[in-house]
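Single-structure report; data block below.
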Amino acid sequence: VLPRQGPPMPDCPRCKLSMQIQEYEQIHVLFCDNCWGHWLDDDSLKKVLERHDYGFSRDERATVFQNWVRAGLTGMEDTQLRLRCPVCAKEMVEQPFADDCPVLVDRCDAHGTWLDAGEIKQLQVFVENRLRAIRISRRRR
């Protein structure tokens, strides 16, 4: 039996299985191998969204945009009970990532953000599109 290395990994708020540490955009995040969701504290999420090591192709951005349109630009609303924070077990609040963002995330203000499968990439595309729009508007001035 191997000795424990620190506290046990938190359970996934979606499927209740133990999450694993994964490197995403060179940032360590918690990942669920079962449902492919990600748990990030605020600092890690900010770092992931600030990184632009890997850009998305026009086709990838178009696919994300088409999914938003199909979803009525409201995200993938979940009819299940609210998810609980894997750190404090309090109910998280499902909310848009930003006022003009179609991606709904589950949020614990004290500990971080739960992103269901695909939402981490959707947020990256959202941020890339927002930055692209800012650059274009600055060029027009």
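What to note about this one:
- Taking θ as phi - 60° and the Karplus parameters 6.51, -1.76 and 1.60, the scalar couplings of the stretch 34-39 work out to 7, 9, 6, x, 10, 10 Hz in sequence order, x denoting glycine and proline.
- Accessible-area order (highest first, 1.4 angstrom probe) of the listed residues Leu123, Leu131: Leu131, Leu123
- Heavy atoms of His111: accessible area, 1.4 Å probe, square angstrom to 10: 60
- If R0 is taken as 35 Å, the Cβ-Cβ distance between Arg135 and Asn34 corresponds to a FRET efficiency of 0.35.
- With DNA, RNA and ligands ignored, accessible area of Asp116 (1.4 Å probe; Å², nearest 10): 40
The values are calculated or read from the model by the stated rules, or taken from the named source; none is laboratory data. Owing to the predicted nature of the structure, the values given are computational and were not obtained by experimental measurement. As a convention, Cβ positions derive from the backbone with ideal geometry for all residues, glycine included, and neighbour counts pool all protein chains shown. Heavy atoms of the whole protein, side chains included, go into the accessibility calculation; ligands, DNA and RNA do not. Shrake-Rupley method; radii C 1.70, N 1.55, O 1.52, S 1.80 Å.
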